[in-house]
Structures are given as structure tokens and as C-alpha cells.
Amino acid sequence: MTQGEPQCPPDIAELRQRVAEFVRERVMPQEPVLDGGGPEARAVLAQLRKEAKDAGLWALPHPAELGGQGLPLRSYAHIAEVEGASDHGPAALGSASLLDALMLWRHGSPPVRETYVPALIAGELRACYAMTEPDVPGTDPVRIATRAEPADGGAWRISGPKWFTTGAADADLVTVLARTDGSAPDREGLSLLLVPTASAGFRVVRDLPVLGAAGQAEIELDQVTVDADHLIGERGKALTVAGERLQLGRTLRCLRWLGQAQRAFDLMRARARSRGPLADLQLVQRHIFESLLALRTTRPLVHEAVARLDAGLDARVEVGLAKVAAARTLEQVADAAIQVHGAAGLGPDTPLPALFRTGRAARILDGPDELHITSVARRVLRTDPA
């Protein structure tokens with residue numbers, strides 16, 4: 001168990017150790033290939049998924065009735081950190097599809113649930129979520145330009161651009177936020193529609209590297225038609241479904257960022273200890289201290305958000321605090337580890353550049369720091385103290 005984390009039950013601790021070893025021994029050595037994308041990366045990922053299934057580590061947080069192993073959030077949280085120590089851990093172990101599978105299962109029509117959810121959990125399909133658009137602030141989704149108009153037979157015809165859509169290049173399905181009624185700034189009238197990426201009129205416009213790393217894309221929907229039963233949730237009520245998804249998604253990402261920050265910390269400590277004089281330098285000791293302080297103070301915030309979500313309570317304040325703290329911690333610890341490594345920390349022989357890049361991007365993607373800071377502060381100012 002990592003310091004600052006709630007007590008981990010013995011059976012979960014053993015499972016956590018197995019996941020940590022799988023990520024460390026099987027996933028991390030393949031990161032250069034996986035980072036590169038393309039056919040070779042897909043082949044490696046398929047092999048890792050087979051190994052995870054053979055090891056009994058596949059789809060740990062997915063509901064058992066849908067083909068997963070049914071770990072509740074508070075139990076899975078102990079595992080998510082070590083699983084997320086590599087960006088590719090969740091995909092290799094089958095938990096990356098959790099948000100999409102839960103959203104479609106809870107809010108999709110029977111045909112959507114039966115057709116897509118089991119295949120997502122089995123790793124046979126890949127899904128992504130398209131919300132952000134060029135020239136529209138990501139913090140103000142009511143102003144999106146993508147529209148869905150009624151078509152024959154109750155179908156929908158969707159047109160508009162999206163960008164910074166994670167995993168779109170390899171996705172089979174994309175959930176699109178579009179306006180079906182009214183106009184900006186109405187909060188009502190936004191709907192979610194599930195689009196198979198093989199649909200006529202759907203295309204990936206270009207990759208959008210984030211600080212040089214692949215994985216994001218700009219997409220375009222040009223009169224893409226989907227059946228009426230591909231509406232996710234109620235017409236005009238997309239923000240309710242999106243809010244549910246965002247709270248869980250941000251919390252899971254916080255756990256994974258903690259795992260990556262811990263990885264950077266371990267590399268920094270090993271580097272200092274392997275270079276005798278380094279460990280004796282007070283400035284290096286300060287890097288170690290400040291990084292440990294960040295980890296130890298952030299971890300309880302993240303697990304507080306987990307506990308409230310698991311209990312079905314309003315966790316908007318806790319998730320906002322955790323998201324800002326975890327993103328800052330990853331950036332801070334990775335930066336310190338690079339400094340201690342010197343030039344070696346900038347090159348391709350360690351994962352530190354990728355960890356730093358993730359930390360820096362985390363402070364903007366999935367809601368910038370400023371959004372969470374103002375949102376939490378306003379909410380606290382409106383409520384009485386506990």
C-alpha cells in the first residue's frame with residue numbers, strides 16, 4: 001500500500017501487486033512501440049490484452065453482469081494507480097473502456113446496450129468521446145456548433161467539427177455532443193449521439209499531437225446519419241449524462257496521474273541513490289522532499305473523491321480539488337525527476353519526458369485548472385461550512 005492511501009484489504013492488495021507487476025514487466029517495456037501507434041502498436045496491444053485475460057486481470061472494474069470482474073470503485077481505486085503508472089496500462093488491462101461502457105449501459109437504448117457494451121468490455125470495439133470543438137471554449141459546452149437534425153424514420157443527421165478527441169483514429173464508436181434543439185446559451189437542447197466511425201460522412205481530419213505525442217485527433221461529421229435508438233440519454237439532457245461521466249472520468253485520471261507521479265518519484269530517488277554525491281546535495285534533497293510532500297498530500301484528496309462517488313454523494317468539490325492537485329503533482333514530480341537526471345532526463349532512455357508531458361497537458365485537458373478553481377470556490381462560497 002502507498003502512504004496516504006486508505007487501508008487496502010488483503011485480497012485487493014494481492015491483486016494490486018499482480019497488476020503492478022504486469023504493468024511493470026509487460027506493458028512498460030512495450031511503451032516505445034505503443035507510443036508510436038500504427039499496426040505494430042495494435043498488434044502489441046492485442047497480445048498484451050490476451051496476456052491480461054489469461055492472467056485473470058482483464059476488465060477488473062467492469063460490472064460482473066457485463067463480463068467484467070465487478071470490483072467496486074473503492075476497491076478498484078487501489079489498483080487504478082498502479083495500473084495507470086503507464087499510459088497504456090488501462091487499455092492493456094481492459095479498464096480504459098469503463099466510462100463508455102457504463103454510459104452506454106446506463107443511458108443507451110436496448111439495441112445499443114446489447115450490440116455494443118459486451119463488445120466494448122471484451123476489447124473487441126474501441127470507443128471515444130467527442131465534446132470539444134475548434135473556436136469554442138471547452139469550458140463553455142453550450143456554445144458548441146455541431147448540430148443534429150431530425151431525419152427520416154426518427155433518425156438523426158449530424159454535422160460539425162470536433163477536436164482533441166482522444167483515441168478517435170482507432171475508434172469504432174464515438175459519442176458526439178450535439179445541439180438538437182434551441183441555440184446557445186441554452187443549457188437544454190444538447191444531446192449525445194452514438195456514431196459508428198464507419199458511417200458515411202465521418203472522417204478523421206488530422207492528428208493533433210500534444211507536445212509532440214500522438215493520441216488526439218480532429219474529426220469532422222458531414223451529414224452523418226444514425227438511427228433514432230443511437231440517442232444516448234434523453235433528448236436535450238446531455239449535460240446531465242456528461243456530468244456523471246466527467247466526475248468519474250476525472251477521478252480515474254487522478255488515480256492514474258498519481259501512479260505516474262509515483263513512477264517519476266521512484267526514478268528520481270533511484271537516480272539520486274545511484275549517483276553517490278547527488279543524494280548528499282541539499283538541492284536534490286529538496287526535490288525529493290517537495291515531491292514526496294506533493295504525493296502524500298494529493299493522494300488523500302483523490303481517495304476522498306473516490307469515497308464520495310462510491311457512496312453516491314455529490315463530489316463536485318472533491319473531484320475539482322483532486323483534479324487540480326493530481327495534475328500539478330504529476331507535473332511537479334516529473335519536472336523534479338528530470339532535473340535530478342540532468343540531460344538523461346530529457347532523452348529517450350527514460351519515460352520522464354512522457355510523464356512530464358502528461359502532467360503539463362493534464363492542467364488543460366479535461367478542464368483547465370482555472371475552471372476547477374473557480375467552480376470549487378463558487379460552490380464553497382454558496383454553501384454553509386460543514
Label-point separation (nm) for residue 280 and residue 379, each offset 7 Å from Cα along Cα-to-Cβ?
5.0 nm
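What dipole magnitude, in Debye to the nearest 20, does segment 239-382 give about its Cα centre under +1 on Lys/Arg Cβ and -1 on Asp/Glu Cβ?
The calculation lands at about 40 debye.
When the helices in the chain are scored as -39500 (n - 2.57) per DSSP H run of 4 or longer and the sum is shared across all residues, what 222 nm value do you end up with, to the nearest 500 deg cm²/dmol? Let's see the in-between values first.
Numbers: 13 runs with 196 residues, N = 386.
So the calculated ellipticity at 222 nm is -16500 deg cm²/dmol.
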Within 14 Å, Cβ to Cβ, of residue 159, how many net charges do the neighbouring residues add up to if Lys/Arg are +1 and Asp/Glu are -1?
+1
Please get the size of the charge dipole for the chain, origin at its Cα centre, with Cβ charges of +1 on Lys and Arg and -1 on Asp and Glu, quoted in debye to the nearest 20.
900 debye
Could you calculate the FRET efficiency of residue 24 with residue 344 from 1/(1 + (r/R0)^6), where r is the beta carbon distance between them and R0 is 22 Å, rounded to 0.05?
0.60
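Please label the shape of segment 127-232 as rounded, prolate or oblate, based on the square roots a ≥ b ≥ c of the eigenvalues of the alpha-carbon gyration tensor (a/c under 1.5 means rounded; beyond that, a/b larger than b/c means prolate, else oblate).
Judged from the Cα gyration tensor, segment 127-232 comes out oblate (a/c at least 1.5, b/c at or above a/b).
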Taking H placed 1.01 Å from N in the peptide plane, check which residues at least 5 places from residue 206 or on another chain put their amide H under 5 Å from its amide H.
218
Please order 152, 100 by the number of other Cβ within 10 Å, starting at the fewest.
152, 100
Calculate one ³J(HN,Hα) per residue across segment 167-182 by plugging θ = phi - 60° into the Karplus curve 6.51 cos²θ - 1.76 cosθ + 1.60, and present them in order as whole Hz with x for glycine and proline.
x, 5, 5, 10, 7, 9, 9, 9, 8, 10, 8, 9, 8, 9, 8, x
For residue 97, what charge total do you get from the other residues with a beta carbon under 12 Å from its beta carbon, if Lys and Arg give +1 and Asp and Glu give -1?
-1
Less than 18 Å from a label point 7 Å out along the Cα-to-Cβ axis of residue 203: which backbone N atoms in segment 212-248 qualify, by residue?
217-225
Treating the angle as unsigned and between 0 and 90°, give the value, to the nearest 10°, between the Cα long axis of helix 282-310 and the longest Cα principal axis of the chain.
40 degrees
Fewest-first ranking of 8, 128, using other Cβ atoms within 10 Å as the exposure measure
8, 128
GNM on the chain, Cα springs under 10 Å; top mean-square fluctuation among 12, 144, 219 goes to 12
Quick query: amide H of residue 174 versus all other amide H atoms, modeled in the peptide plane; which residues come in under 5 Å with a sequence gap of 5 or more or a different chain?
128, 195, 197
In a GNM of the chain with a 10 Å cut-off on Cα contacts, which of 25, 51, 234 has the highest mean-square fluctuation?
25
Under the 0.36 nm per residue contour assumption, what length would be gained going from the current alpha-carbon distance of residue 139 and residue 292 to full extension?
51.9 nm
Using only the Cα atoms of segment 7-133, build the gyration tensor, take square roots of its eigenvalues as a ≥ b ≥ c, and label the shape rounded, prolate or oblate: rounded if a/c is under 1.5, else prolate if a/b is larger than b/c, else oblate.
oblate
Using Cβ counts within 10 Å as a stand-in for footprinting exposure, how do 54, 87, 227 rank, fewest first?
54, 227, 87
Folded to 0 to 90 degrees: helix 316-341 orientation relative to the chain principal axis, Cα
50 degrees
Sorted by mean Cβ packing within 10 Å, highest first, what order do the peptides 108-119, 237-248, 273-284 take?
237-248, 108-119, 273-284
What is the calculated FRET efficiency for residue 11 to residue 152, with r their C-beta to C-beta distance and R₀ = 45 Å, to the nearest 0.05?
0.25
Would you work out if segment 201-344 is rounded, prolate or oblate? Take a ≥ b ≥ c from the square roots of the eigenvalues of the alpha-carbon gyration tensor; rounded if a/c is under 1.5, else prolate when a/b is larger than b/c, oblate otherwise.
oblate
Top mean-square fluctuation among 154, 37, 367, Gaussian network model of the chain, C-alpha springs under 10 Å?
154
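Here, each number is a calculation from the coordinates, and none is a lab measurement. The model shown is predicted, which means the values in this text are computed figures rather than measured ones. Cβ coordinates were reconstructed from backbone atoms using ideal geometry, including for glycine residues, and neighbour counts include every protein chain displayed.
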